[in-house]
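A.B. asks: One structure follows; several queries about it will come next.
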Amino acid sequence: MTTDGGHPVGEYATQLVVGVGGRAGVSVAEVCALVEETLRGAGLATAAVTALATVDAKAGEAGITGAAERFGVPLIAYPAERLAEIPVPHPSDAARTAAGTPSVAEAAALASGGELLVPKRRSVAATCAVATAHAHDLRHHGDAEVMDAGSALVDLAVNVRADTPPDWLKQRIAASLGDLAAYPDGRAARAAVAARHGLPVERVLLTAGAAEAFVLIARALGAVRPVVVHPQFTEPEAALRDAGHRVERVVLRAADGFRLDPEAVPEDADLVVVGNPTNPTSVLHPAATLAALARPGRILVVDEAFMDAVPGEREALAGRMDVPGLVVLRSLTKTWGLAGLRIGYVLAEPQVIAKLAAAQPLWPVSTPALVAAEACVTAAALAEAEEAARRIAVDRAHLLAGLAEFDEVTVAGVAQGPFVLIQVADGAEVRTRLRALGFAVRRGDTFPGLDRSWLRLAVRDRATTGRLLQALDHALTLAATN
């Protein structure tokens with residue numbers, strides 16, 4: 001299920017397929033009313049519907065064919081045996097008996113390979129469900145934009161801070177290579193991280209980057225109803241799906257600046273995942289808003305991978321022990337340029353840490369990564385990170401001021417991270433043209449809740465931003481003339 005009011009309408013809208021079913025003799029008016037009410041309730045645009053879909057046996061039903069005609073979209077019919085092979089969240093024995101598939105509406109909506117946005121809704125004689133026309137590529141990451149490109153492209157697709165790691169950190173890591181014959185001992189690094197956040201060491205788990213932490217959470221905590229707040233980093237949902245979970249989504253609205261309303265999260269969700277500041281929207285949610293998501297029996301996962309790029313780390317929950325079920329993830333790869341080393345950590349209640357640790361393999365973090373973790377939480381390193389965060393804020397303001405000069409570009413939300421999310425007509429074409437002009441930017445359509453009109457730009461120094469803005473002006477001019 002997705003709670004979604006944020007899809008843009010018109011040419012930018014996420015394309016939708018509506019699966020429909022109905023009893024014999026169902027009227028056009030009833031089918032249309034149910035579909036319109038379902039879309040309206042989910043904040044989805046009728047104009048975004050590209051097709052109605054149903055089972056072969058219902059393809060001649062006048063109410064269903066008439067609804068497709070009224071919406072001005074094709075009606076796609078699938079054999080019952082094909083729909084019966086598609087897993088659905090709400091199977092029905094009655095539907096299986098009548099139509100040969102456990103769910104006409106949900107299976108037909110999903111048959112094109114997309115993702116379910118709204119599960120089965122009913123009226124007296126009709127059913128419908130809504131899915132995206134295509135699935136989001138949850139495994140796509142920014143590094144794919146620059147892979148195999150060498151130094152030919154200016155990298156604005158990856159959010160690792162430029163010119164990192166610093167020389168002093170390289171030297172610390174290099175010095176650790178003499179200890180590679182011994183098995184890694186994480187006690188000193190774990191204690192250093194605990195001290196950095198003012199926590200008992202039992203509340204800290206070191207991991208091979210935040211990505212490993214997402215896998216551990218998905219496999220070890222036994223969630224029954226996991227919910228992921230989107231748009232956000234897609235690895236948490238991918239890890240949950242890989243572990244066999246059916247993931248529900250709360251999709252934030254661009255019209256609301258991608259701000260989170262805690263009431264949008266289902267009350268009985270026992271695992272909630274949200275980023276802060278959120279990748280790719282760059283929105284920084286108030287700590288009080290996120291803390292309001294906590295419930296007895298719920299695990300609240302807050303991904304703070306970019307929090308050290310926020311001056312003063314305001315709105316951080318790391319170090320809090322008064323929020324029940326809180327799990328905070330931190331990464332050292334973004335600010336310090338250690339993506340290739342894989343180092344991060346989890347902060348949580350001791351019993352949660354124990355469950356996650358039990359799911360880890362032996363010696364999951366290498367000796368060089370442990371040395372880096374200890375080095376990056378010293379007072380001197382924290383001061384350097386704070387200075388970098390303040391510099392990023394200045395550079396981001398320069399980028400935003402430049403983007404504001406383009407009528408074709410929209411920035412949704414208030415950017416507070418080391419990246420900015422923009423929306424532009426013909427976004428995919430603009431991205432291709434920017435690449436031809438020497439700049440790699442991150443496509444947005446792989447994030448649930450976004451489509452091809454969205455692009456993410458990493459914040460860089462003023463000189464680089466100036467060149468980007470010139471290239472963007474050129475790309476927009478070319479796009480407008482074609």
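The values are calculated or read from the model by the stated rules, or taken from the named source; none is laboratory data. Quick caveat: nothing in here was measured; it's all calculated off a predicted structure. Ideal geometry is used to build each Cβ from the backbone, glycine not excepted, and the neighbour counts take in all protein chains shown. Keep in mind that these areas ignore ligands, DNA and RNA; they rest on the heavy atoms of the full protein, side chains included. Shrake-Rupley method; radii C 1.70, N 1.55, O 1.52, S 1.80 Å.
A.B. asks: Heavy atoms only, probe 1.4 angstrom, no DNA, RNA or ligands counted: give me 406, 233 ranked by accessible area, highest first.
C.D. replies: Values: 406 30, 233 50 Å².
Accessible-area ranking of 406, 233, largest first: 233, 406.
A.B. asks: Any idea what angle helix 209-220 forms with the longest principal axis of the chain, computed on alpha-carbon atoms, 0 to 90 degrees, nearest 10?
C.D. replies: So the inclination is approximately 50 degrees.
A.B. asks: Give me P(r) over the stretch 326-370, computed from all C-alpha to C-alpha distances, binned every 5 Å, as integer percentages.
C.D. replies: The percentages, shortest bin first, are 5, 19, 24, 25, 17, 9, 0.
A.B. asks: Carbon and sulfur atoms: what percent of the 1.4 Å accessible area of the chain do they account for? If you can, show how the numbers build up before the last one.
C.D. replies: Numbers: 10370 of 19570 Å².
Roughly 53 percent, rounded to a whole number.
A.B. asks: Still on this structure: Once the Cα atoms of the stretch 222-334 are picked out, what are the Rg and Dmax in Å?
C.D. replies: Rg, Dmax (Cα atoms, Å): 13.2, 38.
A.B. asks: Taking 20 °C and 1.002 mPa s as the conditions, I'd like the Stokes-Einstein D for the stretch 182-269 in µm²/s, using the Kirkwood hydrodynamic radius from alpha carbon pairs.
C.D. replies: On the way: Rh = 15.4 Å.
This corresponds to a translational diffusion coefficient of 139 µm²/s.
A.B. asks: Pairing the Cα long axis of helix 28-41 with the longest principal axis of the chain, what angle in degrees results, from 0 to 90 and rounded to the nearest 10?
C.D. replies: Roughly 20 degrees, rounded to the nearest 10.
A.B. asks: Over the Cα atoms of the stretch 371-432, compute the convex hull volume and normalise it per residue, giving Å³.
C.D. replies: Details: hull volume 7.0 nm³, N = 62.
Convex hull volume per residue, Cα atoms: 112 Å³.
A.B. asks: Still on this structure, please answer the following. Protein chains only, probe 1.4 Å: how do 132, 410 rank by accessible area, largest first? Mind dumping the intermediate values first?
C.D. replies: Working: 132 5, 410 70 Å².
So the residues, ranked largest to smallest area, are 410, 132.
A.B. asks: Restricted to Cα positions, what overall size does the chain have along the principal axes? Three whole-Å values, descending.
C.D. replies: Principal axes ranked by extent give 76, 56, 40 Å for the Cα atoms.
A.B. asks: Can you work out D for the stretch 186-227 in µm² s⁻¹ from Stokes-Einstein, where Rh is the Kirkwood radius over C-alpha pairs, the temperature is 37 °C and the viscosity is 0.692 mPa s? If you can, show how the numbers build up before the last one.
C.D. replies: On the way: Rh = 11.7 Å.
Diffusion coefficient, whole number: 280 µm²/s.
A.B. asks: Taking only Cα atoms, what is the 0 to 90° angle, nearest 10, from helix 187-197's long axis to the longest principal axis of the chain?
C.D. replies: Approximately 70 degrees, to the nearest 10.
A.B. asks: Could you work out the Kirkwood radius for the stretch 370-482, taking every pair of different alpha carbons, averaging 1/r and inverting it, reported in Å? Don't skip to the answer; put the middle values down first.
C.D. replies: Values: mean 1/r = 0.0652 Å⁻¹.
Computed over Cα pairs of the stretch 370-482, the Kirkwood hydrodynamic radius comes out at 15.3 Å.
A.B. asks: Sort the stretch 266-415 into rounded, prolate or oblate with this rule: let a ≥ b ≥ c be the square roots of the eigenvalues of the Cα gyration tensor; rounded if a/c is under 1.5, and if a/c is not under 1.5, prolate when a/b is larger than b/c, oblate otherwise. Mind dumping the intermediate values first?
C.D. replies: Values: a/c = 2.13, a/b = 1.26, b/c = 1.70.
Oblate, since a/c reaches 1.5 and b/c is not below a/b.
A.B. asks: Next question. Leaving out ligands and nucleic acids, and using a 1.4 Å probe, what accessible area per residue does the chain come to in Å²?
C.D. replies: On the way: 19570 Å² over 482 residues.
Accessible area per residue, the chain: 41 Å².
A.B. asks: Excluding same-chain residues fewer than 8 positions from residue 170, which lysines have a Cα within less than 30 Å of its Cα?
C.D. replies: 334
A.B. asks: Rounded to whole Å, give me the distance from the Cα center of the stretch 18-53 to that of the stretch 231-274.
C.D. replies: So the separation of the two Cα centres works out to 25 Å.
A.B. asks: Using a 1.4 Å probe, how large is the accessible area of residue 321, given in Å² and rounded to the nearest 10?
C.D. replies: Rounded to the nearest 10, that gives 100 Å².
A.B. asks: With a 1.4 Å probe and all protein chains kept in place, how do 173, 76 rank by accessible area, largest first? Write down the numbers at each step before the final one.
C.D. replies: Values: 173 30, 76 60 Å².
Ranked from most to least accessible, the order is 76, 173.
A.B. asks: To the nearest 20 Debye, how big is the dipole of the chain about its Cα centre, given +1 on the beta carbon of each Lys and Arg and -1 on that of each Asp and Glu? Intermediate values should be presented prior to the final figure.
C.D. replies: Details: 45 positive and 55 negative charges, 103 e Å.
Approximately 500 debye in magnitude.
A.B. asks: Next question, about the same structure. Output the antiparallel fraction of DSSP beta bridges having both residues in the chain, as a percent to the nearest 5. Don't skip to the end; give the middle numbers.
C.D. replies: Numbers: 31 of 61 bridges.
So the antiparallel bridges in the chain amount to around 50 percent.
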